[in-house]
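To start, the structure under review is shown below, and the notes come after it.
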Amino acid sequence: MFRFLLSRLTMIVPTFIGVTIAAFSFIRLLPGDPILLMAGERGVTPERRAELEAVMGFDRPLWEQYLGFLGDLLQGNLGVSIVTKAPVLEEFLGRFPATLELSVIAIVFAVALGLPAGVIAAVRRGSIFDHTVMGISLTGYSMPIFWWGLLLIILFSGILGWTPVSGRISFLYYFEPVTGFMLIDSLLSGQPGAFQSAVMHLILPAVVLGTIPLAVIARQTRSAMLEVLSEDYVRTARAKGLSPARVIGVHALRNALITVVTVIGLQVGVLLAGAILTETIFAWPGIGKWMIDSIFRRDYPSVQGGLLMIASIVMLVNLIVDLTYGLINPSIRHER
Amino acid sequence: MSLLSIRNLSVRFKTAHGLFTAVENVSLDVEHGEVLAIVGESGSGKSVAMLAVMGLLPWTAEITADELVFDGVDLNSLQPKARRELNGGSMSMIFQEPMTSLNPCFTVGAQIDEMIRFHTDEDKQQRKQHALELLEQVGIPDPQKRYHDYPHQMSGGMSQRVMIAMAIACSPRLLIADEPSTALDVTIQAQILELLLDLQATHDMGLILITHDMGVVAETAHRVVVQYAGQQVEMQPVLELFEHPRHPYTAALLSALPERARRDQRLPTIPGVVPGQFDRPQGCLFNPRCRFADDRCRTTPPLAAAADRALTLCHYPLSYSPEPGA
């Protein structure tokens, strides 16, 4: 187990360096000039421009800028936004709870629905339920997020008027953030109706964001279960006279989970990518929306810092998944 | 009354190309404390017949039987819950592939414990004690330590011992062993068979031994059923079978035993393979491979007839010679 962990950790270092290069260069490859964008319609004189470039360090050669970025990074400094002049890390951490809350609820939604749907579809292979679930999940998987989000807004907010269109909570409520998670903060505030408002605001974005993971989890659970259900040990479990619920829910599912957990972990990357679209549609004040705004403003430090943080989170989650994999699969745990 | 009696058991599978008959009109009895061997090549339906008895076939299987009675209980009409109480309780089964028959996610201790928990009222401590005794009984060294091992930490022989320990945990009256030693090394094979026979004798269980190894049959069984292409072609007590095989197929199987071969001859074989779903011959299913087949065999299927204790499915049962045609 220790060696397993060590090998995963050593793989992270080169990946991380690769991510810094990608994060640093991608935003600079985009056409557009941050200084011109800041100056707006008034334009900027060549003198002022040179001055600003010197302040922001854009006058130095690219490799020097990259090394500077890397050097700051090693000291835990992601740089300062050239638009807001606030530290990038601060900006990121301020918005991250909103994204985290949305993502967690989305993945809970996806697992809570996808896992049982996949299991039942596998057990009743070929049934109407199976075909329906697989049909729906293929549709869900193929659905463009922004379009799906708009459809849901039109139906539930526009026609039915059940849910709000955007934001995290109604303007009627105001309280200082404690944890940054609106569901918890609204409960802590003690204001009547605040929690319900937060929930109503969260439902649609979470459903939209969770749709693709839901489809993937349902399909993968089904195929993992189908494979496991034909295993000899499932027959053994039946020969022991165990109830179908125990044969399927314990003996089969436990083994199927080994693959499904990996799939769920991989969905975290999908989730963060999806968050960018979802947050834009629902004006959800998280890192997705912030990243989009930063890209439009060519806010180089914010974009590269944000990308790096997101990539690190994905890597961290994958590491955790690898470790969980070791926990639920005994033959990896005992590898020496 | 027999422990298990089966009359005209047939199993058909629904496939994309219609029904496939895997087992056809198998009838047999197992007495209390008897060792019955079912012999046949791969594809002869011996495992399927016994899986049908255990109720372990997938839903695509269509099982029919005029009589399927275990210990006075009619298995045909049994409710699923009562059926599950029998499985693992009064009748158990072990399988060909011990390495894949244990669940890789649970310790062997937990898997034995689960069996005892479902079929007895023992409390946690008693169950642990019971499981350790079982491991000891099936010859696993250091049961205290092995109790906490996962299946992947065990060899094939050890895994099969665990399977046996689990199968006999609730003192079943019938144990079905589906090629229990086939996947194991030759030296381990003998140990496992010996263990099974030992346990069979001490617990006075009925034991159905599915095998394709005539050598195993000779050493273990009291009575022998020979199956071919889903049909039961012969049933005799073991000594009579080895001395006077009635069906040409049995005779051919016996003469293919290396022990029986003559030094100056090539080892006899049976040409061809067991017919599958699409190449079932007309008449007797064995006729394309039978050296005695004539036109009657090629057109008319034989009917099972009780000819002096040997139920033989053949138009021309051999009379006495162990070396047909000699």
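The table below gives the values:
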read-out	value
Selection within region B:251-305 - touching a residue at least 60 places away in the same chain (Cβ under 8 Å) and surrounded by fewer than 10 Cβ atoms within 10 Å (Cβ to Cβ)	B:Phe278
Options B:Glu133, B:Glu122; residue that is assigned to a loop (DSSP other than H, G, I, E, B), more than 10 Å from every other protein chain (Cβ to nearest Cβ) and without any contact (Cβ under 8 Å) to a residue 12 or more places away in the chain	B:Glu122
Selected residue [in a strand (DSSP E or B), touching a Leu at 6+ places or on another chain (Cβ under 8 Å) and hydroxyl-bearing (Ser, Thr, Tyr)] from B:Ser27, B:Ser10	B:Ser27
Top-ranked residue in region B:74-99 [being surrounded by 17 or more Cβ atoms within 10 Å (Cβ to Cβ) and among the aliphatic types (A, V, I, L, M); ranked as nearest to the other protein chains (Cβ to nearest Cβ)]	B:Met93
Exclusive hit being surrounded by 12 or more Cβ atoms within 10 Å (Cβ to Cβ) and not small (Gly, Ala, Ser), set A:Arg3, A:Arg48	A:Arg48
Region A:199-237, subset without any contact (Cβ under 8 Å) to a residue 24 or more places away in the chain, within 14 Å of chain B (Cβ to nearest Cβ) and not aromatic (Phe, Trp, Tyr), residue farthest from A:Leu152 (Cα to Cα)	A:Thr236
Long-range neighbours under 8 Å by Cβ, at least six apart or interchain, first residue aromatic (Phe, Trp, Tyr) within region A:112-134, second in a helix (DSSP H, G or I)	A:Phe129/A:Ile120; A:Phe129/A:Ala121
Residue list for region B:136-164, restricted to those being more than 14 Å from chain A (Cβ to nearest Cβ), part of a helix (DSSP H, G or I) and of a type in the set (A, V, I, L, M)	B:Met158
Helices (runs of 4 or more DSSP H) lying entirely in region A:182-247 (those with 3 or more residues that are within 24 Å of B:Pro98 (Cβ to Cβ) and in contact with a Ser or Thr (Cβ under 7 Å, 6 or more places away or on another chain))	A:232-239
Yes/no for A:Leu89 being in contact with a strand residue (DSSP E or B) (Cβ under 9 Å, 6 or more places away or on another chain), surrounded by 15 or more Cβ atoms within 10 Å (Cβ to Cβ), touching a residue at least 40 places away in the same chain (Cβ under 8 Å) and aliphatic (A, V, I, L, M)	no
Scan of region A:172-199 for residues that are on the phi > 0 side of the Ramachandran plot and more than 27 Å from the chain's Cα centre (by Cα), ordered by number	A:Gly190, A:Gly193
Filter result (surrounded by fewer than 24 Cβ atoms within 10 Å (Cβ to Cβ) and polar (S, T, N, Q)) within region A:256-295	A:Thr259, A:Thr262, A:Thr280
Out of A:Val260, A:Val270, sole residue that is over 21 Å from A:Ala311 (Cβ atoms), more than 8 Å from every other protein chain (Cβ to nearest Cβ) and out of contact with any strand residue (DSSP E or B) (no Cβ under 8 Å at 6 or more places or on another chain)	A:Val260
Check on B:Asp178, among the acidic types (Asp, Glu) and either touching a residue at least 24 places away in the same chain (Cβ under 8 Å) or within 10 Å of another protein chain (Cβ to nearest Cβ) (or both)	yes
Any hit, region A:141-151, residues being in contact with a helix residue (DSSP H, G or I) (Cβ under 8 Å, 6 or more places away or on another chain), under 28 Å from A:Leu257 (Cα atoms), without any contact (Cβ under 8 Å) to a residue 12 or more places away in the chain and in a helix (DSSP H, G or I)	no
Residue that is nearest to B:Ile140 (Cα to Cα), among those in region B:202-214 that are touching a residue at least 12 places away in the same chain (Cβ under 8 Å) and assigned to a helix (DSSP H, G or I)	B:His203
Residue count, region A:168-214 (criterion: of a type in the set (Gly, Ala, Ser) and closer than 20 Å to A:Glu279 by Cβ)	7
Filter result (touching a Lys or Arg at 6+ places or on another chain (Cβ under 7 Å) and at the interface with chain B (Cβ under 9 Å from one of its Cβ atoms)) within region A:243-255	A:Ser243
Some residue of region A:179-198 being of a type in the set (A, V, I, L, M, F, W, C), within 14 Å of chain B (Cβ to nearest Cβ) and farther than 30 Å from B:Cys170 by Cβ	no
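Here, each number is a calculation from the coordinates, and none is a lab measurement. Keep in mind that this is a model prediction, so the values were computed, not measured. Don't worry about glycine lacking a Cβ; one is built from the backbone with ideal geometry, like all the others, and counts go over all protein chains shown.
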